Amino acid sequence: MTKDDLLRLLLAAADDLGCEFDHTEVARWPAGTVPLFETMGLLRASSGGLLAPCPSCDGGHVEPVVRSVTTDRTRFFITCPEDLRVEVTAEMCRGWEIHSNGLANSIADALELTSRPKAIVPDRLWRLGRIPWKGRTRAVILARRMRDTDASSIAAHIGAGGRAIVLVPHQQPDDRIWPEHVPAVVALSSIASVEDSRLAIDGVALMEAVYEAEAVAESRSLLPVDPEIKKQVVRQQVKAEIKGHLEDDVLVAAYLEHGSGDKAAEALTKQLGRTVSRDRVYRAVKRARAAGEFEVPEDSPSVARTVASQPRDRAKKVSKYRN
Ligand SMILES: [Zn+2]
């Protein structure tokens, strides 16, 4: 097991509630890795009550430790179903847990952020700071345990903006937890490593992961996730519709409002500053009627007149006249 393997193990554990590593577990890690990860800020001595794995039987059970204090020394014991009372060493009683604030600090250092992480939701969500991004900056957030059932209430603290880059230790959350825009979510386990006893983050891999995450989110939502880009795209679409091909909806709405093709064309021409022909209005109305999208109001005389001028209606009228 390399240091980077261990780092991935710790990051995966950071997405679990109360994940502890006991003596048996850390004993399998390469020598010196516990102090290393302690220095890096990722691990700390467990704050829970003393527990120790049983060294006596094959049961692999972990039990609460009972201290026996005598004048010259303290001894530690656990109970075992097979051997009843088993003495354990002080070292065996030590457990280790993920130090989440320490993790937030190490990430901020690795990203060379000027600000210190600020916990928004204790132990779950941190605002790490801002990183430069294409001439602007983007907020970097750390969120952990985003697969828990309360993930959406944690995600709500990020706000609606889709520009934040959300780092998670390992587990990708469900898209549906985000209040509005799906932010770029990047798993630290895929971009972090241990370099010179420090946590290192591959900047290029981070950028690529952000682009990739955004491309995926965009393909799902049809419109870009960045609200700024989204606004621009919507504006461009509206412009294109008004300038190039006026949507039938607009033409039909004007027709219904003004009661005749002539008046609608005149109003639209004035409104848009360019000529909209009466025929264009009629064609749109015809398409809308064929699609059954609207009923021509019976009580509007001007509309009735226009409708009567349509070939089919005229034919009907003629036949009616004949009878
Ligand atoms: Zn035992």
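The values are calculated or read from the model by the stated rules, or taken from the named source; none is laboratory data. Since this is a predicted model, take the numbers as computed values, not measurements. Virtual Cβ from ideal backbone geometry, glycine too; neighbours counted across all protein chains shown.
Numerical summary
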quantity	calculated
Of residues in the stretch 58-79 being near the ligand (Cβ under 9 Å from one of its atoms) and part of a strand (DSSP E or B), the one farthest from residue 24 (Cα to Cα)	79
Some residue of the stretch 100-115 being under 21 Å from the mean Cα position of the chain (by Cα), charged (D, E, K, R) and either within 16 Å of the ligand (Cβ to nearest atom) or part of a loop (DSSP other than H, G, I, E, B) (or both)	no
Long-range neighbours under 6 Å by Cβ, at least six apart or interchain, first residue within 28 Å of residue 17 (Cβ to Cβ) within the stretch 82-100, second of a type in the set (Val, Ile, Thr) and assigned to a strand (DSSP E or B)	88/78
Matching residues, the stretch 27-57, being within 16 Å of the ligand (Cβ to nearest atom) and among the hydroxyl-bearing types (Ser, Thr, Tyr)	56
Residue match in the stretch 45-57 (condition: modelled with pLDDT of 85 or more, assigned to a helix (DSSP H, G or I) and not aromatic (Phe, Trp, Tyr))	no
Any hit, the stretch 162-178, residues being touching a Phe, Trp or Tyr at 6+ places or on another chain (Cβ under 8 Å) and either in the same structural domain as residue 105 (by TED's automatic domain parsing) or under 13 Å from residue 124 (Cβ atoms) (or both)	no
Test for residue 82: is it touching a strand residue (DSSP E or B) at 6+ places or on another chain (Cβ under 8 Å), of a type in the set (Asp, Glu) and either closer than 28 Å to residue 171 by Cα or in a loop (DSSP other than H, G, I, E, B) (or both)	no
